[in-house]
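To start, the structure itself, in C-alpha cells.
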Amino acid sequence: MSFKVPTVGVEEEYQLVDPQSGALIPNCKEVMRTIRRNGGSEEAHSEIQHELHLNQIEMASDVCSSLEEVRDALTQTRRMLIDAARSNESELASAGTNPLPIPADEALTPKDRYQAMTDRYQQIARDLFIFGCHVHVAMEDRELGIQVMNRCRRWLPILQAITANSPFWDGVDTGYASYRRELWAQWPMAGPPAHFDSLADYQSCVDDLVACGAIKDESFLYWDIRLPTRVPTIEFRAADVMTRVEETVGYVGMIRAIVMLAVSEEELGKPIASIRPSVLSYAIWHAARYGMNDQLVDPESCEMVPASELLNRLMTALDPALKATGEARPVEAFANELIKSGTGADRQRRGGELSSVVASVVSETVPSAILA
C-alpha cells in the first residue's frame, strides 16, 4: 500500500463551570469578550466560537500538517480559554456531559440558526448540554470522500467506545459510558451515515431530505461521518470531547490513519464489507452503553468480541498507515492507555462525589507542560 499523509483539523466543545460547585454557567459571551480584548486567538492557531448554549464554548483549530501542530493548537487554545474563563469567575472542563443537574434556566446563544433549531426541535434542543470532538481530514475529491465514508463506517463502534466520556447526566450515573451519544441520537439527522453507491446517490439523498423538509440544506446533516460543505474535508463527529490533550492528539492521529487506510483500499479496489444498517446502529449503541468494559460488536463479522480485541484489530489494520505518517507513537500511547486504564468515563466513575468528578475533569483539562 502507498499512502499520502493528509492535513487535519480538530474541534473541541468545552464546558464553562462554576469553580466551587462545578455546575454549568452561561458566561460564554463574557469569556469571548475577554479573548477579543486580549487580542483574539490568532496565536493559539484556532478559531473560538459560540455553541447552542451559552455555557458552551468551542475551538476549531487551523489546518494542521502534523500531530505536533495539533498538540500545539490544543495546548495553546486551552490555556488561552482557561485564562479567559478564570478572568470571568469560571473554569474550563472538557467532558461529554456535566455530571451535575442540568441548568434550570434556558441560556440559548442568541443566533438565528440556534433559535431556529430550538423552535423546531423544542425540548431535545433545550436539553442539548453535550460536548463533542470533531476531526476533519483533508478530502478534496468528494466522489472519493463518499467511498471513504462507506469504508470507515465499520470502525464507528470502536471509535464510540474509546472516546466515551459522559457517564453522568442530570445528577445521576446513567449506566452508559457515553450518555452524550444517547442525547445526540434523538436528533433526526444524527447517527451513522448510510452506504452510498456514488456521489450522485448521496446528492439524491440530500435532495430528497431537502424536498421533504428534513433539512434546510446539506449543512444540516449531522451524521457520525459527513462531507462538510464549507471545507474540503471528511469529518468524524461521533466522539465525546476527551479530557486530556494527549487523548485528543492520539484520536486525531487514529482518524487520520483510518482515512488513509480507506483511501488506499479504494485505490486498490478492495471490496467494501457489507454492513447491515441495523447491525451498525446496534453496535454503536452497545459501544456507548459499555465503552471499553465489555464485549463489543464487530459490525463486519457480527461477532461479539472483547473491547480490547476490537481495538487491537483496528490498530493492526492501521499499522501500515501509522508507520507512513512517522507519528505512530501518540496513537499507540492512546491505545495502550485505554487498555491499561480505560476511558474518560471510567476515570469519572472513579472520581467520587459529582462535584469532585467535575474538579478532576477541570484539573485534567489543563494541558501538561510536558509534551510526549
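The values are calculated or read from the model by the stated rules, or taken from the named source; none is laboratory data. No experiment lies behind these values; they were computed from the predicted model shown. Glycine also receives a Cβ, built like all others from the backbone with ideal geometry; neighbour counts cover every protein chain displayed. With ligands, DNA and RNA removed, areas are computed over all heavy atoms of the protein, side chains included. Shrake-Rupley method; radii C 1.70, N 1.55, O 1.52, S 1.80 Å.
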Odd one out for Asp240, checked against (1) out of contact with any Ser or Thr (no Cβ under 6 Å at 6 or more places or on another chain); (2) buried (at least 20 other Cβ atoms within 10 Å of the Cβ): (1)
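Yes/no matrix, rows are residues, columns are (1) assigned to a helix (DSSP H, G or I); (2) in contact with a Gly (Cβ under 8 Å, 6 or more places away or on another chain); (3) surrounded by fewer than 21 Cβ atoms within 10 Å (Cβ to Cβ):
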position: Ala287; (1), (2), (3): yes, no, no
position: Leu296; (1), (2), (3): no, no, no
position: Glu300; (1), (2), (3): no, no, yes
position: Leu310; (1), (2), (3): yes, no, no
position: Leu322; (1), (2), (3): yes, yes, no
position: Val357; (1), (2), (3): yes, yes, no
position: Pro367; (1), (2), (3): no, no, yes
Qualifying positions in region 172-195 - surrounded by 17 or more Cβ atoms within 10 Å (Cβ to Cβ) and free of Cβ contacts under 8 Å to residues at least 60 places away in the same chain: Thr174, Trp184, Pro193
Search result, residues across region 7-24 that are within 20 Å of Leu318 (Cβ to Cβ) and either acidic (Asp, Glu) or open to solvent by 20 Å² or more (accessible area, probe 1.4 Å) (or both): Thr7
Tabulated pairs, region 15-26, first over 13 Å from Ser87 (Cα atoms), second polar (S, T, N, Q) and open to solvent by 20 Å² or more (accessible area, probe 1.4 Å), C-beta under 6 angstrom, 6+ apart or interchain: Gly22/Ser355
Condition met for Thr118 (hydroxyl-bearing (Ser, Thr, Tyr) and modelled with pLDDT under 95): yes
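Residue-by-condition table, conditions (1) in a helix (DSSP H, G or I); (2) open to solvent by 50 Å² or more (accessible area, probe 1.4 Å):
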{"site": "Ile255", "(1), (2)": "yes, no"}
{"site": "Ala262", "(1), (2)": "yes, no"}
{"site": "Glu267", "(1), (2)": "yes, yes"}
{"site": "Ala273", "(1), (2)": "no, no"}
{"site": "Asn293", "(1), (2)": "no, yes"}
{"site": "Arg329", "(1), (2)": "yes, yes"}
{"site": "Phe334", "(1), (2)": "yes, no"}
Pairs where the first residue, in region 317-340, is more than 13 Å from Ile162 (Cβ to Cβ) and the second is among the hydroxyl-bearing types (Ser, Thr, Tyr) and in a helix (DSSP H, G or I), C-beta under 9 Å, 6+ apart: Pro320/Ser264; Ala321/Ser264
Residue identified as modelled with pLDDT of 90 or more, crowded, with 16+ Cβ neighbours inside 10 Å and within 21 Å of Val231 (Cβ to Cβ) among Leu67, Leu52: Leu67
Residue in region 85-93 that is open to solvent by 10 Å² or more (accessible area, probe 1.4 Å), of a type in the set (Gly, Ala, Ser) and either over 18 Å from Ile255 (Cα atoms) or touching a residue at least 60 places away in the same chain (Cβ under 8 Å) (or both) present: yes
Qualifying residue in region 98-108 (condition: in contact (Cβ under 8 Å) with a residue 12 or more places away in the chain, surrounded by 24 or more Cβ atoms within 10 Å (Cβ to Cβ) and out of contact with any His (no Cβ under 6 Å at 6 or more places or on another chain)): yes
Unmet criterion (only one of (1) modelled with pLDDT under 90; (2) farther than 24 Å from Tyr121 by Cα; (3) in contact with a Cys (Cβ under 7 Å, 6 or more places away or on another chain)) for Ala44: (3)
Region 154-171, residues that are open to solvent by 10 Å² or more (accessible area, probe 1.4 Å), in contact with a helix residue (DSSP H, G or I) (Cβ under 9 Å, 6 or more places away or on another chain) and either farther than 21 Å from Arg313 by Cβ or of a type in the set (D, E, K, R) (or both): Arg154, Phe168, Trp169, Gly171
From the options Val231, Val206, Val245, residue that is within 25 Å of Leu81 (Cβ to Cβ), among the aliphatic types (A, V, I, L, M) and surrounded by fewer than 20 Cβ atoms within 10 Å (Cβ to Cβ): Val231
Close pairs from region 230-241: first under 13 Å from Glu13 (Cα atoms) and in contact (Cβ under 8 Å) with a residue 40 or more places away in the chain, partner open to solvent by less than 20 Å² (accessible area, probe 1.4 Å) and of a type in the set (Ser, Thr, Tyr), Cβ under 6 Å, at least 6 apart: Ala239/Thr163; Asp240/Thr163; Asp240/Ser166; Asp240/Ser178; Val241/Ser94
Enumeration of residues in region 196-216 that are without any contact (Cβ under 8 Å) to a residue 24 or more places away in the chain, farther than 20 Å from Leu280 by Cβ and either in a helix (DSSP H, G or I) or not charged (D, E, K, R) (or both): Ala200, Gln203, Ser204, Val206, Asp207, Asp208, Val210, Ala211, Cys212, Gly213
